[in-house]
Structures are given as C-alpha cells and as structure tokens.
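Take a look at the structure below.
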Amino acid sequence: MIKRIKKNDNFLDLVPLMKQSQDWETKEDGLIQVIIPRNSILDKIVRIFFKTPEVMRIDLDLLGSSVWRAIDGKRNVKEIAQILNDRFGEDVEPLYERLGAYINVLRNNKFITLKKVRD
C-alpha cells in the first residue's frame, strides 16, 4: 500500500518508481540514454526559430545507468545502494550521499517518483 511521504520518513526505505511514460534506451556501450520529448507549444515555437531537436537525449554515466536499471518499483533506496556497493565497492563512496543526491535529481526532474510502502 502506498503511503504519503513525510519529512521524517527514512529516505532509505522509500521505493523509486520510474514514470510509465519515460522513454529511454540502452546505447551500444551499455549505458542508458534518457529521451525527453519536447512537445509543448513553447517547445514547438522555439524549435521553429532556433532549430532545436524534437527530443532531448541525456546520456547517463556508468553509475547513473546502474541506478537507472536498479529502479524497478520494488527495490527501496537501501537495496539499490547495496547493488551499487556490490558492483563498484569503494569507487562509489560516499555511497549514500551520492545516491541520495542522484535520486533527488531524478525526482526533481520528474523522471521518477518516490513511494513509501511501509509504516
């Protein structure tokens, strides 16, 4: 059951959920590329005058791609941190600070949402 997130909830217990409409692909090098359509009226006007592309593509690095793949709607932030620790070891330190900041960037850009599944 999804609960409302409160300020004092443990961030590590929250489960990231990818937006259903979010497009992405795996590039030849195995890294993730997030695809953002630019379909608003303002985007269309800007595209006419400045010849901007119809979609924006954001290339994730190795760590970002690993986090992206780990987001399955079932794993919480702590479990994703364990996956990163197992794969990268000390190269990902300080793990929780970096992961927390990255999850917040994804959330602030509306690529993911966070849900609370336990009290």
inquiry  = Out of everything in segment 27-38 that is loosely packed, with under 14 Cβ neighbours inside 10 Å and touching a residue at least 12 places away in the same chain (Cβ under 8 Å), what residue ends up being farthest from Arg75 (Cα to Cα)?
reply    = Pro37
inquiry  = Among the residues of segment 44-51, are any closer than 16 Å to Ile103 by Cα and either surrounded by 12 or more Cβ atoms within 10 Å (Cβ to Cβ) or small (Gly, Ala, Ser) (or both)?
reply    = no
task = Filter the strands (runs of 3 or more DSSP E) completely within segment 1-40 down to those with at least 2 residues that are farther than 17 Å from Asp59 by Cβ.
result = 15-18
key: Residues being outside any helix (DSSP H, G or I) and either surrounded by 15 or more Cβ atoms within 10 Å (Cβ to Cβ) or hydrophobic (A, V, I, L, M, F, W, C) (or both) - total across segment 62-112   = 5
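Is segment 50-59 home to any residue that is among the aliphatic types (A, V, I, L, M) and part of a helix (DSSP H, G or I)? Walk me through it before giving the result.
Going residue by residue through segment 50-59, those that are among the aliphatic types (A, V, I, L, M) are 55-56, 58.
Okay, now just the ones that are also part of a helix (DSSP H, G or I), so none.
The answer is no, given that none of the residues of segment 50-59 is among the aliphatic types (A, V, I, L, M) and part of a helix (DSSP H, G or I).
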query = Looking at (1) under 25 Å from Asn10 (Cα atoms); (2) touching a strand residue (DSSP E or B) at 6+ places or on another chain (Cβ under 9 Å); (3) free of Cβ contacts under 8 Å to residues at least 40 places away in the same chain, can you tell me which one Lys116 breaks?
reply = (3)
key: Residue match in segment 43-53 (condition: in contact with a Leu (Cβ under 9 Å, 6 or more places away or on another chain) and charged (D, E, K, R))   = no
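Bear in mind that the values in this text are calculations on the coordinates, not laboratory data. As the structure is a computational prediction, the values presented were derived from the model and not from experiment. Note: ideal-geometry Cβ built from the backbone for every residue, glycine included; neighbour counts use all protein chains shown.
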